[in-house]
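> Below: one structure in structure tokens.
Just so you know, all these numbers are worked out from the coordinates, no wet-lab data involved. No experiment lies behind these values; they were computed from the predicted model shown. Heads up, the Cβs are rebuilt from the backbone with ideal geometry, glycines too, and the neighbour counts pull from every protein chain shown.
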Amino acid sequence: MASERLERIRVSGDVPRHVAVIMDGNGRWARQRGLPRHMGHREGMKAVRETIEGAVEAGIEILTLFAFSTENWNRPEQEVAALMNLLQLYARKELPELRRQGVEVHVLGQIERLDAQTRRAVETIVNGTRGGTELRLNLMVSYGGREELVRAARLLAERVRDGTLAPEDIDEAALAGTLFTAGLPDPDLLIRTSGEYRISNFMLWQLAYTELHITPVLWPDFDREHLFEAVLDYQRRERRFGRVQAP
Ligand code: FPP
């Protein structure tokens, strides 16, 4: 039976096309249970599954998950290794189900910083899900918003140096076109779990007009009903994009 929240989302009809999520609180979830931090991340994988299924059910087109930030490289070596192992495990375990659901996976970020084994796992899941039409899933891995903007500036500068771009032609579209998310609409809704009111260097350019939904739920406890609740919250907002009335 479809959930009551899902019914309400469908009646409203205004489903966000692109939802981004800062998946926070794995460490606290583990600590509350006297478990090592990596157990929190492992449990977080279930929440990833729930969120993907919920997104497909709700008719969301693009789901972007912040899986590993450039700052996360500074965590203890053991935890970084655990997160890389988890990414490999995820790619191996979830591939058939993601395919069945029609999810097309993209991995965005400084992929070159990943170790060879993790890079191979990433390639496997990206190649193995290509052509999925139900949902585009962006896994942001070794991603940082400022780094992405620096990279964009460098790419544009190289084109100017090569004579293929005039400085006066650098506009918002040109910059957006050099980001990892080139060609995608900006997120309509950003969800952050674990009750922190921060952007944490996530999609700094793309979140300019995004609606924010912050929930105290720790990421491993997040399920599709929490996603639906966030969408309903979004549907109650009036988006004005700096104008007086909604466009
Ligand atoms: C933040 O919690 C979460 C992360 C740094 C990693 C996110 C990874 C997952 C949800 C698991 C796997 C997902 C995929 C797609 C393989 P935290 O450790 O900062 O929590 P804390 O703030 O409570 O310490």
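> FRET efficiency for Leu155 and Arg237, Cβ-Cβ distance as r, R0 = 41 Å, nearest 0.05? List each step's numbers first, then the result.
Values: r = 34 Å, r/R0 = 0.83.
Efficiency at R0 = 41 Å is approximately 0.75.
> What does the charge count around Glu43 come to, taking other residues whose C-beta lies under 13 Å from its C-beta (Lys +1, Arg +1, Asp -1, Glu -1)? Spell out each step's value before the answer.
On the way: positive: Arg28, Arg31, Arg33, Arg37, Arg42, Lys46, Arg49; negative: Glu50, Asp221, Asp223.
Counting the neighbours of Glu43, the net charge comes to +4.
> May I pose another question? Report the Cα centroid-to-centroid distance between segment 49-82 and segment 125-167 in angstrom, as an integer.
After rounding, the separation between the Cα centres reads 18 Å.
> Here's another thing I want to ask about it. Per 5 Å bin from zero, what fraction in whole % of the C-alpha pairs of segment 154-243 is there, up to the bin with the longest pair?
3, 11, 18, 17, 16, 12, 8, 7, 5, 3, 0
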